[in-house]
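*Asks:* Attaching a single structure in structure tokens format; questions to follow.
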Amino acid sequence: NNYKKDKYIAAEQVLDELCKVMGGSNMFNDSVLCFDGFTGFTPLQLKAVEILLKKAEQVIVTLTMDDKAYYDKRTESFGLFNLSNKTLKKLNEVALRAGTGIAEPFITDYKAKAEMLLHLEKNIFRYNYSERKDDTDNTVSIISCKNPKNEVNVVLERILHLVRDEGKRYRDIA
């Protein structure tokens with residue numbers, strides 16, 4: 001039916017159509033855009049990012065990786081931060097094509113704050129893992145929930161417990 005073809009688009013086509021009109025739009029001019037929580041971008045998403053890089057004043061992307069993974073470009077394909085490293089490489093290529101500068105990274109130093117997180121990072125998904133003998137450190141919790149709504153409720157309850165019952169401050173919780 002040609003009527004549907006001319007009047008409707010599939011969900012997969014939305015980003016492509018957006019890319020076609022974004023270049024001529026002033027909506028993103030001088031904006032600050034933040035991308036958080038991505039472990040990768042599809043080719044079409046990278047095309048959109050490239051257009052946005054040319055229009056925005058600043059584009060901020062957060063990636064989960066440690067400083068060693070960032071500075072050592074010889075990342076292993078099975079490394080913990082491999083997906084983030086590949087994403088970083090693709091974003092750098094897109095930024096070069098767009099003719100935009102790349103700022104120095106801001107790398108958070110969490111290592112001094114959470115030994116348990118360091119232990120988890122070094123041992124997760126490893127065959128030769130080491131068990132942590134000190135079970136008094138409960139700074140990291142791993143939970144499993146049926147759905148995102150339950151996950152949010154568990155996290156909110158835990159935050160409220162930490163603030164109300166243990167005297168923690170919101171800024172101490174990540």
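The values are calculated or read from the model by the stated rules, or taken from the named source; none is laboratory data. On a predicted model such as this, the values are computed, not experimentally measured, just so you know. Here the Cβ is made from the backbone with ideal geometry for all residues, glycine too, and neighbour counts use every protein chain on show. These area figures cover heavy atoms from the full protein model, side chains too; ligands, DNA and RNA do not enter into them. Shrake-Rupley method; radii C 1.70, N 1.55, O 1.52, S 1.80 Å.
*Asks:* Distance check, please: which entries in 89/149; 89/168; 20/90; 47/149; 20/86; 55/149 exceed 28 angstrom between their Cα atoms?
*Replies:* Details: 89/149 34 Å; 89/168 38 Å; 20/90 21 Å; 47/149 32 Å; 20/86 26 Å; 55/149 36 Å.
Result: 89/149; 89/168; 47/149; 55/149 exceed 28 Å.
*Asks:* Here's a follow-up. So how far apart, in nm, are the two label points at residue 97 and residue 38 if each is 7 Å from Cα heading toward Cβ?
*Replies:* 1.3 nm
*Asks:* Could you compute how much accessible surface residue 93 exposes when probed at 1.4 Å, giving the result in Å² to the nearest 10?
*Replies:* 90 Å²
*Asks:* At 7 Å along the Cα-to-beta-carbon direction for both residue 127 and residue 140, put a label point, then send me their distance in nm to one decimal.
*Replies:* Going by the 7 Å Cα→Cβ label model, 2.2 nm.
*Asks:* For residue 65, list long-range residues whose amide hydrogen, built 1.01 Å from N in the peptide plane, is under 5 Å from its own amide hydrogen.
*Replies:* none
*Asks:* Tell me, what is the per residue accessible area of the chain in Å², probe radius 1.4 Å?
*Replies:* Ligands and nucleic acids excluded, the figure is 81 Å² per residue.
*Asks:* With a Förster radius of 45 Å, plug the Cβ-Cβ distance of residue 30 and residue 7 into 1/(1 + (r/R0)^6) and report the FRET value to the nearest 0.05.
*Replies:* My answer for the efficiency is 0.85.
*Asks:* Also: Restricting to Cα pairs below 8 Å that are 6+ residues apart, what does the relative contact order work out to for the chain? Please round to a whole percent. Before the final figure, lay out the partial values.
*Replies:* On the way: 117 pairs, mean separation 25.7, N = 174.
15 percent.
*Asks:* Can you give the accessible area of residue 27 in Å² (nearest 10), computed on protein heavy atoms with a 1.4 Å probe?
*Replies:* Surface accessible to solvent at residue 27 totals approximately 140 Å².
*Asks:* Specify which labelled value, from [x] 1.35; [y] 1.05; [z] 1.44, agrees with Cα Rg over 2.2 N^0.38 Å derived from the coordinates of the model shown.
*Replies:* From the options [x] 1.35; [y] 1.05; [z] 1.44, the structure gives [x].
*Asks:* How do 140, 21 stack up against each other in accessible area, from largest to smallest, with a 1.4 angstrom probe?
*Replies:* Working: 140 45, 21 95 Å².
Descending order: 21, 140.
*Asks:* What ranking do 165-171, 99-105 get when scored by the average of other Cβ atoms within 10 Å per residue, highest first?
*Replies:* Numbers: 165-171: 8.4, 99-105: 10.1.
So the order, starting with the most tightly packed, is 99-105, 165-171.
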